[in-house]
Amino acid sequence: METFDVIVIGSGFGGSVVALRSVEAGKSTLVLERGKAHPPGSFPRTPREFQQAFWDPSAGLHGVYNFWSFPGIDVLVASGLGGGSLLYANVLLRMAPEDFAGWPLSYADLEPHYAEVERIIGVQRYPFAASTVKSLAFADAAQACGRAAINPPLAVSFDAVPGKPIAAATPNLHGRPRYACRLCGECDVGCNYGSKNTMDLTLLSCAQALGAEIRTLSRALAIRPERGGYRVEYVQYAPAAAARARDLPRRSVWCKQLVLAAGALGSTHLLLANRANLPGLSPALGRNFCGNGDLLGFVRGAQQDFAPAFGPVITSGIQYRDCEKFWIQEAGFPHFLAWLLHGSSLTSPSFYGRLLNFKRRYLMRRFHWGSRSDFSAAFAKVLAGDVSERILPLLGMGADVPDGVFSLRDGRLQLDWSEKSSRKYFRALVASMQELAHAMGGKLMRSPLTMLRKVITVHPLGGCPMGTSAESGVVDSFGRVVGYPGLYVADGSVLPGPAVANPALTIAALGERVARGM
């Protein structure tokens, strides 16, 4: 059986930081990632490619999107080398000091780690906000509502010349060229130009260059204490082949220190499934789930253009600290989605009117009625439409109530969660979104899921919450699993409540704290 000093399960924000710090400390390090590598140029853009871009190995799917549905809430997470950094909107905000209230650590404990991970990931503020239509429209709406919009730090490489090649000190592990942001709005469907400073292109590339071993399509199934360390059993999927984990041969590796960093769903599921091997786990396991207050809305019906497909997905946001705490951030979408939205308008009466007018003029020329032969303007009118330009997504997140509980049924992950306890929060968030939409001259359209009394989150948190005792927390403030020396958790599952802001930076800073403690 292979042995390592450190094994990290998962390669997102927390796991990547721990892997880099471990190998820097001279420890033999193995990273097990269930998903495959997604180098620049490999992310889906066509309908056929998106069909193959989901994660379900039993169906032969090894893509980046992993969609879960529970009563009351749906969850979208990433599966791939780099974890959630592959699909997130690049925002790296720090938590507010007061939002640590009731946690077993404070802002002061994380402050130096915040600064360090900001440095190693690389952050910039969006440099073209003064000339980006959606940024200006959002800032004007904020001012009309008595608020102030800011341009948050982004993990994106910008340059005065969009698309300029990026010169990196350490070649990325994919061996692919990278380019400065092309302002194409494709951040959250995967950047095909390498402009995002994702974990695979930054921390994991450095870790591998220093000697860390990375195994993709490797899903951990069992962990158990053994010989003063931990034995990990995993299976390795074959690319494009359909296979169930239970039908594949198990491989075993051993380590002195084991770090779970598979996310709120992955790490919680792994510990719940191995409770028989770890009988001393805290009764808090599975508790404190929340969706970080995520809510999606759309501004529709405005008489101004937003050009939502220009720029990175998120360029600006507003922080609310009134009766409820939350952020609202404007968002964009890729150009191909703009074409899809435009196509939806081709069934309108106005389109058929323009089409019939073009046909009339074309037939007149066909039968030599009139002398006009240049039909460019007439054809352009057929394509006229502003549906895709006059819609602006709004993303909300904040302090919902972390009272969801994970469990297993027939080995499958279950979640008991309802929006009822957070209804006051969601009402305040929706009211503020409506105020912004009205200030832009439009109306707020909620996500279709809300009609089914459901929300969707891309920021699942909790499940292995940190606490001050075995009764209140699965881990302590350094990510150490209570009762099991050498076992750690370093991902969003350890947050005992919502981050209020985008949680990526906080998870990375916690990974840095865990690694320093190790």
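A quick yes/no check of all residues on (1) within 28 Å of Ala19 (Cα to Cα); (2) aromatic (Phe, Trp, Tyr); (3) surrounded by fewer than 17 Cβ atoms within 10 Å (Cβ to Cβ):
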site: Phe50; (1), (2), (3): no, yes, yes
site: Val64; (1), (2), (3): yes, no, no
site: Phe67; (1), (2), (3): yes, yes, yes
site: Val75; (1), (2), (3): yes, no, no
site: Leu81; (1), (2), (3): yes, no, no
site: Leu87; (1), (2), (3): yes, no, no
site: Pro104; (1), (2), (3): yes, no, no
site: Glu111; (1), (2), (3): yes, no, yes
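Can you confirm whether the range 473-490 contains a residue that is in contact with a strand residue (DSSP E or B) (Cβ under 8 Å, 6 or more places away or on another chain), open to solvent by 10 Å² or more (accessible area, probe 1.4 Å) and farther than 30 Å from Asn277 by Cα?
Among the residues of the range 473-490, not one is in contact with a strand residue (DSSP E or B) (Cβ under 8 Å, 6 or more places away or on another chain), open to solvent by 10 Å² or more (accessible area, probe 1.4 Å) and farther than 30 Å from Asn277 by Cα, which makes the answer no.
Return the total of residues in the range 135-160 being part of a strand (DSSP E or B) and either of a type in the set (Val, Ile, Thr) or open to solvent by 70 Å² or more (accessible area, probe 1.4 Å) (or both).
2
Considering every residue within the range 53-69, establish whether at least one is modelled with pLDDT of 95 or more and closer than 26 Å to Gly122 by Cβ.
For the range 53-69, residues modelled with pLDDT of 95 or more and closer than 26 Å to Gly122 by Cβ: present.
Of the residues in the range 89-102, how many are in a loop (DSSP other than H, G, I, E, B) and open to solvent by 40 Å² or more (accessible area, probe 1.4 Å)?
3
Any idea which of Glu389, Glu419 is open to solvent by less than 40 Å² (accessible area, probe 1.4 Å) and either over 22 Å from the mean Cα position of the chain (by Cα) or at pLDDT below 95 (or both)?
When all the criteria are applied, what remains is Glu419.
Pairs under 8 Å by beta carbon, first residue on the phi < 0 side of the Ramachandran plot in the range 124-135, partner part of a helix (DSSP H, G or I) and hydrophobic (A, V, I, L, M, F, W, C), six or more apart or different chains?
Listed by first residue and then by second, the contacts come to Ala129/Leu136; Ala129/Ala139; Ala130/Leu136; Ser135/Ala129.
If the Cβ limit is 7 Å and pairs must be 6+ apart or interchain, which residue in the range 296-321 that is among the acidic types (Asp, Glu) pairs with which residue that is open to solvent by 10 Å² or more (accessible area, probe 1.4 Å)?
As it stands, the answer is Asp305/Val133; Asp305/Asp386; Asp305/Glu389; Asp305/Arg390, since those pairs meet every condition given.
Can you name the number of the only condition in (1) in a helix (DSSP H, G or I); (2) among the polar types (S, T, N, Q); (3) under 17 Å from the mean Cα position of the chain (by Cα) that Ser58 fails?
Tallying (1) in a helix (DSSP H, G or I); (2) among the polar types (S, T, N, Q); (3) under 17 Å from the mean Cα position of the chain (by Cα), Ser58 fails exactly one: (3).
Out of all the residues in the range 4-48, which are buried (at least 19 other Cβ atoms within 10 Å of the Cβ) and β-branched (Val, Ile, Thr)?
Within the range 4-48, Val6, Ile7, Val8, Ile9, Val17, Val18, Val23, Thr29, Val31 qualify.
Here's the yes/no breakdown for (1) open to solvent by less than 50 Å² (accessible area, probe 1.4 Å); (2) assigned to a loop (DSSP other than H, G, I, E, B); (3) modelled with pLDDT of 95 or more; (4) not hydrophobic (A, V, I, L, M, F, W, C):
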| residue | (1), (2), (3), (4) |
| --- | --- |
| Gly163 | yes, yes, yes, yes |
| Ala167 | no, yes, no, no |
| Gly175 | no, yes, yes, yes |
| Cys181 | yes, yes, yes, no |
| Tyr193 | no, yes, yes, yes |
| Leu201 | yes, yes, yes, no |
| Ala207 | yes, no, yes, no |
| Ile214 | yes, no, yes, no |
| Ala222 | yes, no, yes, no |
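For the range 229-250, enumerate the residues that are open to solvent by 50 Å² or more (accessible area, probe 1.4 Å) and in contact (Cβ under 8 Å) with a residue 60 or more places away in the chain. So that I can check it myself, show each step before the final result.
Step one: of the range 229-250, the residues open to solvent by 50 Å² or more (accessible area, probe 1.4 Å) are 231, 236, 238-240, 242, 244, 246-247, 249-250.
Hits for the range 229-250 are Arg231, Pro239, Ala240, Ala242, Arg244.
Would you check which residues across the range 121-132 are surrounded by fewer than 17 Cβ atoms within 10 Å (Cβ to Cβ) and part of a helix (DSSP H, G or I) and list them?
Result: Ala130, Ser131.
Does Phe298 count as in a loop (DSSP other than H, G, I, E, B) and either farther than 21 Å from Asp410 by Cβ or open to solvent by less than 20 Å² (accessible area, probe 1.4 Å) (or both)?
no
What pairs can you find where one residue is in the range 405-427 and over 26 Å from Leu394 (Cβ atoms), the other is among the charged types (D, E, K, R) and part of a loop (DSSP other than H, G, I, E, B), and their Cβ atoms are less than 8 Å apart, with a gap of 6+ or different chains?
From the range 405-427, the pairs are Val405/Arg287; Phe406/Arg287.
In the range 275-295, how many are surrounded by fewer than 21 Cβ atoms within 10 Å (Cβ to Cβ) and of a type outside the set (Lys, Arg)? Reasoning before the result, please.
Going residue by residue through the range 275-295, those that are surrounded by fewer than 21 Cβ atoms within 10 Å (Cβ to Cβ) are 275-280, 283.
The next check asks that each one be of a type outside the set (Lys, Arg); those that pass are 276-280, 283.
Number of matching residues: 6.
If you take the residues of the range 319-340 that are over 30 Å from Ala499 (Cβ atoms) and touching an Asp or Glu at 6+ places or on another chain (Cβ under 9 Å), which of them is modelled with the lowest pLDDT?
Going through the qualifying residues, I end up with Ala338.
Filter the range 437-458 for residues that are basic (Lys, Arg) and touching a strand residue (DSSP E or B) at 6+ places or on another chain (Cβ under 7 Å); which is modelled with the highest pLDDT? Outline the logic, then answer.
Applying the first criterion (basic (Lys, Arg)) to the range 437-458 yields 443, 446, 453-454.
Checking the rest, the ones that are also touching a strand residue (DSSP E or B) at 6+ places or on another chain (Cβ under 7 Å) come to 443, 446, 454.
Values: Lys443: 95, Arg446: 75, Lys454: 85.
Looking at residues that are basic (Lys, Arg) and touching a strand residue (DSSP E or B) at 6+ places or on another chain (Cβ under 7 Å), I get Lys443.
List the pairs whose first member sits in the range 251-279 and is of a type in the set (D, E, K, R), whose second member is part of a loop (DSSP other than H, G, I, E, B), and whose Cβ atoms are under 8 Å apart, counting only residues at least 6 apart or on separate chains?
From residues that are of a type in the set (D, E, K, R), the pairs are Lys256/Gly228; Lys256/Gly486; Arg275/Leu281; Arg275/Leu285.
Looking at Ser373 and the list (1) under 30 Å from Val299 (Cβ atoms); (2) at pLDDT below 65; (3) exposed (fewer than 14 other Cβ atoms within 10 Å of the Cβ), which single condition is not satisfied?
(1)
May I ask you to list the residues in the range 52-62 that are open to solvent by 60 Å² or more (accessible area, probe 1.4 Å) and farther than 19 Å from Leu413 by Cβ?
Gln52
The values are calculated or read from the model by the stated rules, or taken from the named source; none is laboratory data. This structure is a prediction, so every number in the text was calculated from the model and none was measured. Glycine gets a Cβ as well: all are built from the backbone with ideal geometry, and neighbour counts include every protein chain shown. Heavy atoms of the whole protein, side chains included, go into the accessibility calculation; ligands, DNA and RNA do not. Shrake-Rupley method; radii C 1.70, N 1.55, O 1.52, S 1.80 Å.
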